[in-house]
Amino acid sequence: MNEKNNKPFVLAVVGPTASGKTRLGVELAKICGGEVISADSMQIYKGMDIASAKPTEEEKQGIPHHLMGILDRDASFSAADYVSLANEKIREVLSRGKLPIIVGGTGLYIDSLLENVKFSEGGSDEAYREELYAFAREKGNEALHARLAELDPAAAEGIHPNNLVRVVRALEVCHVTGRRFSDLKKESRLVESPYDSLIIGLNYENRQTLYDRIDMRVDEMVKAGLVEEACQLWQESGMKTAANAIGYKELIPYFEGRAELSDCIDIIKQETRRYAKRQLTWFRKNARIEWLFLDRFNKNNEILEKCKKTIAKYLEM
């Protein structure tokens, strides 16, 4: 299963939050002799376990998981950093004769890795970057995003206004290079990928089913100690990176005595549903994804059988 067309085979499981990626990734790893490499922009940080839905040791079922909980919360981390680390882990997993299985919902990370995006250094200008962050604090994220839309409409279309790090980076690259960030990104995809990859996407035909799963999972997170985890982060560091994570920032008004806990939890559910919609919008642009609509299946073993057939058919092509 390891090679096709002289390229190592890599499997990916993607989809919106609460779609069951973690469980399927583990089951496929057990069947295929694989190891999981996370593609989640929040699971990579230490101490951010419950809101980022890091799998427990029990949920891992003895399958090695990589790129989880390896960074301090105040460390900056980019898609380029992710690709570098993920490539290193893929080589390690392959060297053990195992199948690398990329599992996660951060579309930028997955696309950058599997499409072999070559990130231009683009240079940096720390003073300009700080100026942009100051502008966002004063005028708001939407106002900064509007500046990017003027300079580079294509880049702005692909970056959510609240993804401040990416908006700032796109503007910084435009400023330093004098070129559009989106043009540099297109050029970066011209080098062929070193991997032969199959991407399995998870979704539900009935969107409400996904939303119900999200609501249920938020309730489970609260029972598991989400509020206590978030409070500890808030007391230790004022959130920092965690302030960007859904499930943490919505609780700050409760910690400050400005809102009821139940209202904050309702907002977490709402923001998570919105995030799932954004994830699906991103993934739908990728025509290579083999979608599995989970509400078409009655049992988990039916999903696994479908995955096995999909993998076998792909490798025979």
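Some observations on this one:
- The single condition among (1) part of a helix (DSSP H, G or I); (2) buried (at least 18 other Cβ atoms within 10 Å of the Cβ); (3) modelled with pLDDT of 90 or more that Ala149 does not satisfy is (2).
- Residue among Ala276, Ala170, Ala259 that is among the hydrophobic types (A, V, I, L, M, F, W, C), touching a residue at least 12 places away in the same chain (Cβ under 8 Å) and more than 30 Å from Lys308 (Cβ to Cβ): Ala170
- If you go through the range 93-117 and keep only what is of a type outside the set (Gly, Ala, Ser) and loosely packed, with under 15 Cβ neighbours inside 10 Å, you end up with just Arg96.
- Residue match in the range 55-65 (condition: in contact with a Ser or Thr (Cβ under 9 Å, 6 or more places away or on another chain) and part of a helix (DSSP H, G or I)): yes
- Arg258 falls short on exactly one of the conditions (1) outside any helix (DSSP H, G or I); (2) touching a Gly at 6+ places or on another chain (Cβ under 7 Å), and that condition is (2).
- Verdict on Lys46 being closer than 20 Å to Glu229 by Cα and of a type in the set (D, E, K, R): yes
For every residue, the table says whether it meets (1) within 26 Å of Arg207 (Cα to Cα); (2) touching a residue at least 60 places away in the same chain (Cβ under 8 Å); (3) crowded, with 16+ Cβ neighbours inside 10 Å; (4) assigned by TED's automatic domain parsing to the domain that holds Leu11.
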{"residue": "Met221", "(1), (2), (3), (4)": "yes, yes, yes, yes"}
{"residue": "Ser237", "(1), (2), (3), (4)": "no, yes, no, yes"}
{"residue": "Lys249", "(1), (2), (3), (4)": "yes, no, yes, yes"}
{"residue": "Pro253", "(1), (2), (3), (4)": "no, no, no, yes"}
{"residue": "Trp282", "(1), (2), (3), (4)": "yes, yes, yes, yes"}
{"residue": "Ala312", "(1), (2), (3), (4)": "no, no, no, yes"}
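- Among the residues of the range 66-76, the ones that are in a strand (DSSP E or B) and modelled with pLDDT under 95 come to 1 in all.
The values are calculated or read from the model by the stated rules, or taken from the named source; none is laboratory data. What you see is a predicted model, and the numbers here were worked out from it, not measured in a lab. Cβ coordinates were reconstructed from backbone atoms using ideal geometry, including for glycine residues, and neighbour counts include every protein chain displayed.
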